[in-house]
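Below is one structure, written out as structure tokens; comments come after it.
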Amino acid sequence: MRKTFLKIIIWFICVCTFISSPFGTVSAIRAEESRETQYSSIAARGVWHRPNASGRENTLQGLCSVLDEMKECGINMVFLETFYHGMTVFKTNLAPYYTGFDQYDFGSYPDYLTAFTAEAKKRDIEVHAWVESFYIGINESASLVKFFPSWLLVNEHGQIRHTTEGADLGGYIFFDPANPSARGYLLRLYKEILTKAPDIKGLNLDYIRYPVSDFSAGTDSGYTDVAMSAFAEKYNLTVNEENKIQNFKAQIKANSLVSEWTAYRAEQVTSFIKEVSETVNEKYQDCIISVAIHPDITKAYNQKKQDFISWVKNGYIDVVTPMVYHYAADQISSALSDMLAKFEGVYCYTGLYTTYHNQSTSELEKHIGASERCGADGFVLFDSAKTFFTPAHNYSEFLSNKYGTVKPSALPHWATDRLIHASTSIIADKLTANSESPAAVNAFMSEMQEISLIGEQSIESLDKTLYELAQFKEHTAASAQTTLDLLIDLLEVRKSRLSFKGCPERLEPPSDSEDEESSSDSSLEKDEESSSDSSLEPDEESSSDSSLEPDEESSSADGNDTHNPPLEEPTEPTSFLNLVMRFFQNIINWFKKLFA
């Protein structure tokens, strides 16, 4: 009789589980898939990586060895240089495949990008496509330079080379941020990256700016026909064909429009960021948009036309990666402290230059510590070549000893269910270490699982999740408080992002079968780039500015109070499917407790 009763109960549990599964949220399903992974922390540990910086990624085996080394060092995110020098590391009709890469052997994978992203996924390393947006190279014979001369940015001397950066290489060549055709081309390229490599988790927009320029110093840029005509029409200026650029610049000065000319160009960059955001969010809502920015707010705006504060306020970006390329930890702390208050509603992964500066491992530890103490959500090292593939300081051993010997770190920008699972794993370890009973640990994990089932299908459900976590925190052990506080803070950012992006109905990116825009650029030939790539840094002018102190911004951040917890308990969504799911889940949990 007893055996029959047990069989009936087991059968009933199985039926309940089967019936409730179709009604479960995508978040619940995904949390179940990742339940086996245990975590030690929640922080980004990233690196900017130029393909084949190791010199051994010309085979699949060599590529995998690089990813294995990164994994052993605790790296959980790679910004993979995907579009640079006007070329790509995947095969497309929109741009040439990078010089020499067609000779590499990646087995069954068609190109470098596909191989890298697929193999990184096997190692639980997120890959974000690092794209050098408006910068297209240093070679005038490059395909994009030859085929689209009207898209190129021109300085006040009528030249396409901007010697304020890369002067020893002849100067950098940029697309014109005001040119609709150039912008449309970049948008098509980004969409193709996300379509052809669905394992790509984000776009890291580098060189999302004008070249370094100064109106009064004779190094100004942006004097294309498209830009001058638009600005002249707005401010009733005249564009004369004779001595066009100098005449136009003289009118700007005579009419005291220098600030307006700066603002016009900054708006071109900002409007493009908006277009990228809208394009990505239309089909790839889970794609993370991050930007490489100069840490000095005033210089970024005046010299590079980066108005990144407005990008944050308008919700166009998910992650900022300020290039805090200072030598001393106190300089890093100062720069981040000035900026973080203005980064409400986005994640901040500090760009560190320690390894590129060939500083000691003790300095690297200090720099990472400074970033953590300031409240950044993680760090990204520039670059992989100096970090992993030069023997000067053995950074790999340091990183492996510090991060490789512990459980992996979860990423702060993950979805709600995955962050709750990671936090549960971290806290369960802490409770066990503090001699909490197995029953208490199991009860904690069960409660966190219940909260994770609420999901993020709407802002209301995410509000409910935040409310439940805040209530649960009040009667949880002290050892859990820090991790729960971090979880709540990260979910507040998540809420801000979803408020702008919309709560996705599906979490998988479009398949390769979805329509791809055809391009008239299919005639592009492979670019024979002869100059060395090693001198280019992520969106950093050639002159050293490591001693620059960030200016203090007097204007406050967005006044919208989007991060205050609800004053009263929000109403949980009461759809029929949710009610059915919760009903069966409650029955299952009751039987679990009965058997426990």
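Worth a mention:
- Between segment 197-222 and segment 231-306, the C-alpha centres lie 11 angstrom from each other.
- Here the Kirkwood formula puts the hydrodynamic radius of segment 297-430 at 16.4 Å, using every distinct Cα pair.
- Sparse-neighbour loop sites [GluC sites (Glu not before Pro); segment 86-161; at most 14 other C-beta within 10 Å; DSSP]: Glu140
- FRET efficiency, Ala263 to Glu450 (Cβ-Cβ, R0 56 Å, nearest 0.05): 0.65
- Taking the Cα centre of segment 345-449 as origin and assigning +1 to Lys and Arg Cβ atoms and -1 to Asp and Glu Cβ atoms, the resulting dipole is close to 120 debye.
- Placing pseudo-labels 7 Å out from each Cα toward the beta carbon at Ser479 and Ser400 gives an inter-label distance of 3.1 nm.
- Among the listed pairs Lys121/Lys283; Lys234/Lys304; Lys366/Lys430; Lys121/Lys402; Lys121/Lys342, those with a Cα-Cα distance over 24 Å are Lys366/Lys430; Lys121/Lys342.
- Zero-based 5 Å bins, Cα pair distances in segment 160-265, whole percents: 2, 10, 18, 19, 17, 13, 9, 6, 3, 2, 0
- Summed side-chain charge close to Glu278 - residues other than Glu278 whose Cβ falls under 15 Å, Lys, Arg +1, Asp, Glu -1: +4
- Tensor-based shape of segment 322-371 (alpha-carbon gyration tensor, a/c under 1.5 rounded, otherwise prolate or oblate): prolate
- Hypothetical label at Asp214: residues of segment 286-327 whose amide nitrogen lies under 14 Å (7 Å Cα-Cβ projection): 299-300, 302-304
- Farthest toward positive dipole pole in segment 252-349 [+1 Lys/Arg, -1 Asp/Glu at C-beta], among Gln331, Tyr316, Asn281: Gln331
- Three-way shape call for segment 281-345 based on the alpha-carbon gyration tensor, with the a/c threshold at 1.5: prolate
- Amide H within-cut-off set for Ala410, under 5 Å, with H built and near neighbours excluded: Ser40, Ser41, Ile42, Ala43
- In segment 99-236, inverting the average of 1/r over every pair of distinct C-alpha atoms gives 17.1 Å as the Kirkwood radius.
- Segment 69-124 and segment 334-350 have Cα centres lying 30 Å from one another.
- Per-q log10 I(q)/I(0), segment 351-495, q = 0.10, 0.16, 0.19 Å⁻¹ (Debye; single scatterer per alpha-carbon; no solvent): -0.46, -0.91, -1.08
- Here, segment 171-233 is characterised by an Rg to Rh ratio of 1.08, where Rg is the alpha-carbon radius of gyration and Rh the Kirkwood radius.
- Stretchable slack from Asn442 to Thr390, in nm (0.36 nm times residue separation minus alpha-carbon distance): 14.1 nm
- Per the Debye formula on identical point scatterers at the alpha carbon atoms of segment 226-305, with no solvent, log10 I(q)/I(0) at q = 0.21 Å⁻¹ is -0.97.
- When each of Met87, Met70 is scored by the number of other beta-carbon atoms lying within 10 Å, the sequence from fewest to most is Met87, Met70.
- Neighbour-count order for Thr88, Thr476, fewest beta carbons within 10 angstrom listed first: Thr476, Thr88
- Using every pair of separate Cα atoms, the Kirkwood estimate puts the hydrodynamic radius of segment 438-503 at 12.5 angstrom.
Each reported figure results from applying straightforward, stated rules to the coordinates on display, with no laboratory input. Bear in mind the structure is a predicted one, so any value in this text is a computation, not a measurement. Here the Cβ is made from the backbone with ideal geometry for all residues, glycine too, and neighbour counts use every protein chain on show.
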